[in-house]
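The values are calculated or read from the model by the stated rules, or taken from the named source; none is laboratory data. Please read all numbers here as calculations on a predicted model, not as lab measurements. FYI the Cβ positions are ideal-geometry reconstructions off the backbone, even for glycines, and counts take in every protein chain you see. Please note that ligands, DNA and RNA were not included when accessible areas were found on the heavy atoms of the full protein model with its side chains. Shrake-Rupley method; radii C 1.70, N 1.55, O 1.52, S 1.80 Å.
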Protein chains: 2
Amino acid sequence: MVTITPVSDATYDRSRCSVAGTLAVVGEKWSLLVMREAFLGVRRFADLQQALGAPKAVLTDRLATLVQEGLLSREPYREEGARQRHEYRLTAKGRDLYPTLVALMQWGDRYLADGPPPLALEHVDCGAPVHVALVCADGHEVPGPREVLARPGERR
Amino acid sequence: MVTITPVSDATYDRSRCSVAGTLAVVGEKWSLLVMREAFLGVRRFADLQQALGAPKAVLTDRLATLVQEGLLSREPYREEGARQRHEYRLTAKGRDLYPTLVALMQWGDRYLADGPPPLALEHVDCGAPVHVALVCADGHEVPGPREVLARPGERR
DNA sequence: CATGCTGAGTTCGCTTGACGAACCCCGAAA
DNA sequence: TTTCGGGGTTCGTCAAGCGAACTCAGCATG
């Protein structure tokens with residue numbers, strides 16, 4: 001039989017794949033959209049709720065797990081003549097999800113657009129559009145998966 | 001009142017954000033993991049099912065919508081003395097999700113690791129590790145969201 | 001021919017999660 | 001003292017995910 005055996009047959013433990021792990025943290029419904037709003041500067045429960053249209057109970061839950069996972073921090077603040085409240089701010093760990101969000105956005109801009117992209121990203125220093133790219137440590141641009149060799153890391 | 005108004009108050013239509021649109025296509029449970037397996041070369045229903053451990057009914061559904069959305073194509077093939085079957089192959093549209101998957105993986109490798117990353121990506125030409133980066137069209141590296149100005153596209 | 005096997009689904013109950021509406025709690029303002 | 005509004009919680013309903021069992025086509029074996 002001449003089956004082309006794919007990359008694995010239990011050669012490495014798929015349960016420990018980082019994509020799955022990341023999705024376990026931010027893969028539930030609304031989580032990534034909450035993060036997007038956070039990158040847009042939205043910090044308050046009511047603003048998030050209005051921007052997203054998610055049910056309050058779900059939003060409460062997602063915020064709690066994002067805080068618990070350390071992507072957002074819950075900080076007290078107070079406004080003129082109002083009682084103390086909390087807002088949700090990006091942590092460094094949360095900020096590192098930015099390329100993921102941009103990658104998702106870029107795909108959508110390319111394939112779902114019925115017009116100009118709803119949101120444009122510019123480099124603040126030079127005004128040029130920002131996008132995600134695959135590069136290797138030697139500085140070569142990597143056009144796609146065909147130029148990439150994926151292999152299991154060393155066992156421990 | 002000195003509220004810091006965030007990026008929008010109905011200044012642009014959030015329902016047309018590309019992140020949300022992309023997630024509508026690949027945001028359901030298992031979809032992105034199916035895509036990951038596709039990038040690893042897995043093409044057959046049974047192999048996917050075994051690799052992922054997803055219920056067959058869900059997998060059937062996810063494959064159908066991925067085919068319908070044009071990220072995978074369903075191609076007939078036949079093996080020695082077996083009846084004709086189908087396999088699922090990446091299309092160009094599906095292949096363009098690669099940076100997204102790599103970005104998710106990279107975040108997981110950084111924050112969820114209790115050891116070396118389960119999967120290493122190498123540039124096939126030079127063997128150097130591959131990663132995603134934010135760059136602007138003028139070639140500057142963009143370290144993070146702070147160097148990016150997000151603004152709504154033109155209305156139509 | 002009858003039988004069995006295998007890959008790819010489908011069907012079926014069950015459990016979990018998402019949903020929207022209603023309700024609650026607190027401190028400030030009136 | 002009542003009212004108001006942000007930030008939730010609770011509740012009943014409905015959709016989605018789950019594993020196990022069943023189906024169906026067609027090749028292979030007897």
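Assorted remarks:
- In the range A:37-84, the residues that are over 23 Å from B:Ser18 (Cα atoms), small (Gly, Ala, Ser) and more than 10 Å from DNA strand D (Cβ to nearest atom): A:Gly70, A:Ser73, A:Gly81
So that you can scan it fast, the table gives a plain yes or no per residue for (1) out of contact with any Leu (no Cβ under 6 Å at 6 or more places or on another chain); (2) over 27 Å from B:Pro152 (Cα atoms); (3) at pLDDT below 95:
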| site | (1), (2), (3) |
| --- | --- |
| A:Pro76 | yes, yes, yes |
| A:Leu112 | yes, no, yes |
| A:Pro117 | yes, no, yes |
| A:Val130 | no, no, no |
| A:Pro145 | yes, yes, no |
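- Selection of the range B:38-51 for residues being within 13 Å of DNA strand C (Cβ to nearest atom) and assigned to a helix (DSSP H, G or I) yields B:Phe45, B:Ala46, B:Asp47, B:Leu48, B:Gln49, B:Gln50, B:Ala51.
- Within the range A:143-156, none of the residues are within 18 Å of A:Leu33 (Cβ to Cβ) and not aromatic (Phe, Trp, Tyr).
- Of all residues in the range A:45-70, those that are under 13 Å from A:Leu32 (Cα atoms) have Cβ atoms under 7 Å from Cβ atoms of residues that are among the hydroxyl-bearing types (Ser, Thr, Tyr) and open to solvent by less than 20 Å² (accessible area, probe 1.4 Å), 6 or more apart or on another chain, in A:Arg62/A:Ser31; A:Leu66/A:Ser31.
- You will find that of A:Val102, A:Val26, A:Val58, the residue that is under 17 Å from B:Ala24 (Cβ atoms) and under 11 Å from the mean Cα position of the chain (by Cα) is A:Val26 and no other.
- All positions within the range B:27-39 that are free of Cβ contacts under 8 Å to residues at least 60 places away in the same chain, charged (D, E, K, R) and open to solvent by less than 60 Å² (accessible area, probe 1.4 Å): B:Glu37
- Of the strands (runs of 3 or more DSSP E) that lie entirely inside the range B:66-156, those containing 2 or more residues that are away from DNA strand C (no atom under 16 Å from the Cβ) and either open to solvent by less than 70 Å² (accessible area, probe 1.4 Å) or within 9 Å of chain A (Cβ to nearest Cβ) (or both) span B:119-123, B:130-136, B:148-152.
- Residues of the range B:101-124 satisfying the condition of being in contact with a Pro (Cβ under 9 Å, 6 or more places away or on another chain) and aromatic (Phe, Trp, Tyr): B:Trp107
- Selection of the range B:40-65 for residues being closer than 26 Å to A:Arg110 by Cα and open to solvent by 70 Å² or more (accessible area, probe 1.4 Å) yields only B:Arg43.
- The range B:70-105, residues that are within 30 Å of A:His131 (Cα to Cα) and of a type in the set (A, V, I, L, M, F, W, C): B:Leu71, B:Leu72, B:Leu90, B:Ala92, B:Leu97, B:Leu101, B:Val102, B:Ala103, B:Leu104, B:Met105
- Pairs meeting the criteria (first residue in the range A:129-147 and in contact (Cβ under 8 Å) with a residue 60 or more places away in the chain, second residue in a loop (DSSP other than H, G, I, E, B), beta carbons under 8 Å, at least 6 apart or on different chains) are lacking.
- Just one of the numbered conditions (1) away from DNA strand D (no atom under 13 Å from the Cβ); (2) within 11 Å of chain A (Cβ to nearest Cβ); (3) assigned to a helix (DSSP H, G or I) is not true of B:Leu23: (1).
- When A:Arg62 is tested against (1) at pLDDT 95 or above; (2) within 16 Å of DNA strand C (Cβ to nearest atom); (3) not in a helix (DSSP H, G or I); (4) not polar (S, T, N, Q), exactly one condition is not met: (3).
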